[in-house]
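Here the structure comes first, spelled out in structure tokens, and everything after it is commentary.
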Amino acid sequence: DQQVKQNSPSLSVQEGRISILNCDYTNSMFDYFLWYKKYPAEGPTFLISISSIKDKNEDGRFTVFLNKSAKHLSLHIVPSQPGDSAVYFCAASATGGGADGLTFGKGTHLIIQP
Amino acid sequence: DAEITQSPRHKITETGRQVTLACHQTWNHNNMFWYRQDLGHGLRLIHYSYGVQDTNKGEVSDGYSVSRSNTEDLPLTLESAASSQTSVYFCASSESWVSEAFFGQGTRLTVV
């Protein structure tokens, strides 16, 4: 049973517009959430994180929103740039136990069109 | 600069052979992980370790083993390689459960 779900395998957005990537989770023990970005032939790199005690975290063009009641988080990229084209993975961990390591979603391939 | 390195970057092996993938980190992180990435499955956890002499099974641990004899290294061994283990393998390390994990560049393993 998939505990972290990214239901959109791909997303195409025009350069300069907002990109919104979504992630849902089922394990109520998850209390720390991260987004990773991955280019082909490279390892994933950390982008931004959020603790369950917050509902928003911002870092430059990247903002992550957490809705605990809906078990949903989203990553907003504003404005989208060509270098943002990559696969984005949502990940979650249970710092108090209840899950192993970091659990990842299947990823969303973001394509920024000129 | 601290880093995490995997070797080899590419490996082709035959079915039934034992294969070991190396992972070395210089951050002095206690937590280390091995994931595999397959199309349609994202990143799935194979094994992980919280520290020296500690190892734990992840979601897809069958056919794999790890050992942690020091802080820096977590080698992943495929006891008897199978075609289903053809994949890209990523090693990662983190300082704690509330910090990001740093990933290696990956090892592309092909079992023929």
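The values are calculated or read from the model by the stated rules, or taken from the named source; none is laboratory data. A quick note: this is a predicted structure, and the numbers were derived from the prediction, not measured. Methodologically, a virtual Cβ is constructed for each residue, glycine included, from the backbone with ideal geometry; neighbour enumeration extends over all protein chains shown. Calculation scope for accessible area: heavy atoms of the full protein, side chains included, ligands and nucleic acids excluded. Shrake-Rupley method; radii C 1.70, N 1.55, O 1.52, S 1.80 Å.
Residues in the range B:59-69 include at least one that is closer than 18 Å to B:Ser7 by Cβ and hydrophobic (A, V, I, L, M, F, W, C). For the range B:41-54, filtered to residues that are at pLDDT below 95 and open to solvent by 50 Å² or more (accessible area, probe 1.4 Å), the residue that is farthest from the chain's Cα centre (by Cα) is B:His41.
Among residues of the range B:78-94 that are within 11 Å of chain A (Cβ to nearest Cβ), those with a beta-carbon under 6 Å from a residue that is in a strand (DSSP E or B) and among the basic types (Lys, Arg) at least six positions away or on a different chain give the pairs B:Val88/B:Arg108; B:Tyr89/B:Arg36.
Within the range A:51-67, the only residue that satisfies the criterion of being within 11 Å of chain B (Cβ to nearest Cβ) and under 29 Å from B:Thr5 (Cα atoms) is A:Ser51. B:Asn30 satisfies every condition listed in (1) surrounded by fewer than 21 Cβ atoms within 10 Å (Cβ to Cβ); (2) under 12 Å from the mean Cα position of the chain (by Cα) except (2). B:Asp38: more than 9 Å from chain A (Cβ to nearest Cβ), open to solvent by less than 70 Å² (accessible area, probe 1.4 Å), among the acidic types (Asp, Glu) and closer than 23 Å to A:Phe89 by Cα, yes or no? Yes; evaluated as a whole, the condition is true for this residue. Report yes if some residue within the range A:66-82 is out of contact with any strand residue (DSSP E or B) (no Cβ under 6 Å at 6 or more places or on another chain), in a strand (DSSP E or B) and surrounded by fewer than 17 Cβ atoms within 10 Å (Cβ to Cβ); otherwise report no. Yes, the conditions are met somewhere in the range A:66-82.
When we screen A:Asp31, A:Asp24 for residues that are of a type in the set (D, E, K, R), at pLDDT 95 or above and crowded, with 18+ Cβ neighbours inside 10 Å, the only hit is A:Asp24. Of the residues making up the range A:1-52, those that are without any contact (Cβ under 8 Å) to a residue 40 or more places away in the chain, of a type in the set (A, V, I, L, M) and closer than 23 Å to B:Ser96 by Cα are A:Ile48, A:Ile50. Here B:Thr110, B:Thr5, B:Thr15 are screened, and the one residue that is part of a strand (DSSP E or B), surrounded by fewer than 17 Cβ atoms within 10 Å (Cβ to Cβ), away from chain A (no Cβ under 14 Å) and among the β-branched types (Val, Ile, Thr) is B:Thr110. For the range B:55-68, the set of residues classified as open to solvent by less than 50 Å² (accessible area, probe 1.4 Å) and free of Cβ contacts under 8 Å to residues at least 12 places away in the same chain consists of B:Asn56 only.
Looking across the range B:41-57, just one residue is of a type in the set (S, T, N, Q) and either more than 24 Å from B:Ser69 (Cα to Cα) or at the interface with chain A (Cβ under 9 Å from one of its Cβ atoms) (or both), and that is B:Asn56.
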